[in-house]
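Have a look at the structure below before the remarks.
Read the figures in this text as sums done on the coordinates, not as results from a lab. The model shown is predicted, which means the values in this text are computed figures rather than measured ones. So basically every Cβ, Gly included, is an ideal-geometry build from the backbone, and we count neighbours across all protein chains shown.
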Amino acid sequence: MMLDINNKSEVVQLNEAINTIDLNGNPLEELTVVKATLSDTIASKQLAILNKQIKAGTYDSNDSFGEEWDKKGKLKPMIATEYVLGDGKHTVNKEIREFEVRPKYLEIELKVKNLTEKTINYSPYIQLRRLAKQGDFYTDLPTDTTYIHKIPSDPFNTFYYLETPAYPLPTTVGKVVDHIVEEEVDAHPILPGETATFTVNYILANIEYSNLFLNLNAYSPGDRYIQITQ
């Protein structure tokens, strides 16, 4: 993949709008990131939801990096291990180094305008992706190494991959019914031509946080990205 930095139909910055389309090329939504904030501390409102999930038994540690935080929501450093990947036949994965990673809380203020003629139920989940800059283009990161956060004391998850750039944080608590977690639907109606504002939250854990993008391609054809960090 090669994204042209100067092509506004592919890449936009904060406070610049970009449109999504359906499979027939019809416009769906106009998205604009108004503000993006990286922090060492989880916001109080989001922290309350996480604490309620843990208490209710609905917190899913699989959708995490195994991160921990203190009572005030400050994220604790973690140790990551970098491996060179083997081919599974002639070579095996080889440990290179251990180093400290400082997880981050990312809060994004997103405006969404409905460009269709029908009311849409919008769920503000968008995949976050980190890219590499090469001249006037952005491309995929190299994949010859991988990062793992080990937790030997955890009987269920002894390690977590740090390959996923970010995990979205829950917006509802949910409940457990007959040992099954039932999640609440978090969709918001937007009337034709109207604009709604959402706050989207993520946890990140990696060696650096440059060149982060919202990836709109999961539900819209073509290459469409909003750059969050430089």
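Can you check what the net charge comes to around ASP4, using other residues whose Cβ is under 11 Å from the Cβ of ASP4 (Lys, Arg +1; Asp, Glu -1)?
Details: positive: LYS8; negative: GLU10, ASP136, ASP223.
Net charge in that neighbourhood comes out at -2.
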Given labels modelled 7 Å from the Cα in the Cβ direction, how far is it in nm from ASP140 to LYS8?
3.0 nm
Decide, for the range 117-186, between rounded, prolate and oblate: order the square roots of the alpha carbon gyration tensor eigenvalues as a ≥ b ≥ c, take rounded if a/c falls under 1.5, and otherwise choose prolate if a/b is larger than b/c, else oblate.
oblate
Where in the range 28-66 does the amide nitrogen come within less than 16 Å of the point 7 Å from the Cα of LYS72, taken along Cα to Cβ?
39-45, 47-48
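Relative contact order for the range 67-144 using alpha-carbon pairs under 8 Å, separation at least 6, rounded to a whole percent? Please report the intermediate quantities before stating the final value.
Working: 68 pairs, mean separation 16.0, N = 78.
RCO, the range 67-144: 21 percent.
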Could you tell me what fraction of 2.2 N^0.38 Å the Cα radius of gyration of the range 32-134 comes to, as a two-decimal ratio?
1.48
Cross-link candidates for LYS111: which lysines have Cα within less than 18 Å, leaving aside residues fewer than 8 places away along the same chain?
LYS8, LYS35
How would you classify the range 128-167 from its alpha-carbon gyration tensor, with a ≥ b ≥ c the square roots of the eigenvalues: rounded for a/c under 1.5, else prolate if a/b is greater than b/c, otherwise oblate?
prolate
Checking the range 97-137 for trypsin sites (Lys or Arg not before Pro) in a loop per DSSP with at most 10 other beta-carbon atoms within 10 Å yields LYS118
Viscosity 0.692 mPa s, temperature 37 °C: what is the translational diffusion coefficient of the chain from Stokes-Einstein with a Kirkwood Rh over Cα pairs, rounded to a whole number of µm²/s?
169 µm²/s
Note, the range 24-31: 3J(HN,Hα) by Karplus (6.51, -1.76, 1.60, θ = phi - 60°), whole Hz, Gly/Pro = x, goes 9, x, 7, x, 10, 9, 10, 10
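Can you tell me the relative contact order of the chain? Whole percent, Cα pairs under 8 Å, sequence separation 6 or more. Each step should come with its number before you reach the end.
Numbers: 493 pairs, mean separation 64.5, N = 230.
Answer for the chain is 28 percent.
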Run the numbers on the range 79-207 and let me know its relative contact order in percent, using alpha-carbon pairs under 8 Å that are six or more apart.
38 percent
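Determine the shape class of the range 126-227: with a ≥ b ≥ c the square roots of the Cα gyration tensor eigenvalues, call it rounded for a/c under 1.5, and otherwise prolate if a/b is greater than b/c, oblate otherwise. Each step should come with its number before you reach the end.
Details: a/c = 2.64, a/b = 1.03, b/c = 2.56.
It comes out oblate by the Cα gyration axes.
In nm, what is the difference between 0.36 nm times the number of residues separating ILE79 and GLU98 and their Cα-Cα distance?
Working: separation 19, 0.36 × 19 = 6.84 nm, distance 0.66 nm.
Result: 6.2 nm gained on full extension.
State to the nearest 20 debye the size of the charge dipole of the range 57-212 about its Cα centre, where the only charges are +1 on K and R beta carbons and -1 on D and E beta carbons.
Result for the range 57-212 is approximately 380 debye, rounded to the nearest 20.
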If you stretched the chain out fully between ASN217 and ASP40, how much longer would it get, using 0.36 nm times the residue separation minus the C-alpha to C-alpha distance?
60.9 nm
